[in-house]
Amino acid sequence: MHSSLPFMTKSVGDNVSLILLNDFKLQWKAIREDFLQSVDRVGESGYLILGSEVQLFESDLSRYWGLNYAVGCASGLDAIEIGLRTLNLKLGEKVITTPLSAFATTLAILRAGGIPVFCDVDDSGLLDLELVENILFENQDIKFLLPVHLYGQALNLKKLQRLKEVYSLNILEDCAQAIGSKSFGKPTGSVGQVAATSFYPTKNLGCYGDGGALLTNTKEIADAAKCIRDYGQTQKYTHSVFGLNSRLDELQAAVLRTALLPRLAEWSETRKQIAAYYQKYISSSHIKLLPTPEGTESSWHLFPIEVISHRENLMNYLRNSNISSGIHYPGLIPDQPIFNTESSQYRFEIKTELTRAHRFTRTQLSLPIHPFLKEEEIRKIVNVCNSWKP
């Protein structure tokens, strides 16, 4: 048995036989009092939509992130769409993005009127910026780039900054899995004109329902986003642009601000130390640990591994040991049925071979990593992984 884990605190609640990817019951026990106080505060205020709680949370979130402005909205999907629209994406314009992500990344491009252009990923699962540069060099009419900081890993922001400058790019960084992640000391979302994040419950900062936000250093972008999220109103009953109904409500903002955001730094540190333990002690020759990109300080939204062969066998082996696991993602976005029926009206382009992206769909597996894992559970996960044989 390995040495003890001094960073682990005493677990909240009763022992649970199944080790979960996310344990919302234990999270509830940890935040219940602050959560209920938040709900009571909103109820007492009499304001339920776009009141002071949203404003205060936006201020706290932008300060935490290190960017000037945050604009709350109804989902991470909406945050990306609104962000693209604030960057004046025109109908039919092309947007380079990753084929390996949640479908919402591409769906936002389609909803904003763009055409997704897919490029392969690197060995960390992140958009391959060397291949992106080749595409940009050969297609200098493309002016939009939507990279995803996948699994909590940060793309190389030095390279991203250079691409932005050389090719005069409009960049929206999808940071839904990477709040708190950094590249060479800079936070994700700080190179692009816009960053988008999600508060879906499984995220490192997830609410008790749905929600999202976009962040920016530019006041004009923030103002435009606030207009779009609220029916396109520049003032009450004056609709100046084509808008959405995409408002983060007061209850979710209150809970995020006072029950969840204040705990994020501590929970993120626990994730980092669990990840370090996995990296040190998972030693199976049948499992490949993903490389961490140069300069990355990951927030470890997920702990992805590659299973060299027989991934389903490992999943079953873990399940029989009462350990949950997940695949992120089992299919590539351009392979989805929405693009591949005779009647499909949605255009897309693939500019490179998607060799590594396809490999991830066959080999990637996510192990449990969340701040409520117990010391004995972490050890068990390592031991089960190391004892498995295909």
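Throughout, read-outs are computed from the coordinates displayed, never taken from laboratory work. Given the structure is predicted, the values throughout are model-derived calculations rather than measurements. All Cβ positions, glycine included, derive from the backbone under ideal geometry; neighbour counts span all protein chains shown.
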Kirkwood calc, region 263-387, C-alpha pairs only, radius in angstrom 16.4
When all C-alpha to C-alpha distances in region 338-390 are sorted into bins of 5 Å, what percent of pairs does each bin hold, rounded to whole numbers? 4, 12, 13, 13, 14, 11, 8, 8, 10, 6, 1
Would you mind classifying region 205-335 by shape? Square roots of the alpha carbon gyration tensor eigenvalues, ordered a ≥ b ≥ c; an a/c under 1.5 is rounded, otherwise it is prolate if a/b is larger than b/c and oblate if not. prolate
If Lys and Arg each add +1 and Asp and Glu each add -1, what is the summed charge of the other residues whose beta carbon sits under 14 Å from the beta carbon of Thr97? -2
Compute the distance from the alpha-carbon center of region 340-386 to that of region 81-103, in whole Å. 22
Distance cut-off 15 Å, percentage of C-alpha pairs in region 202-262 lying past it: 58
If one puts a single equal scatterer on every Cα of region 166-217 and applies the Debye formula without solvent, what log₁₀ I(q)/I(0) results at q = 0.23, 0.31 Å⁻¹? -0.84, -1.16
Paired Rg and Dmax values of region 30-258, which use every Cα atom, in angstrom: 17.4, 59
More than 29 Å apart - percent of Cα-Cα pairs taken over the chain: 44
Centre separation in Å (Cα based) which lies between region 201-220 and region 114-145: 25
Exposure proxy check on Ser246, Ser324: fewest-to-most Cβ neighbours within 10 Å is Ser324, Ser246
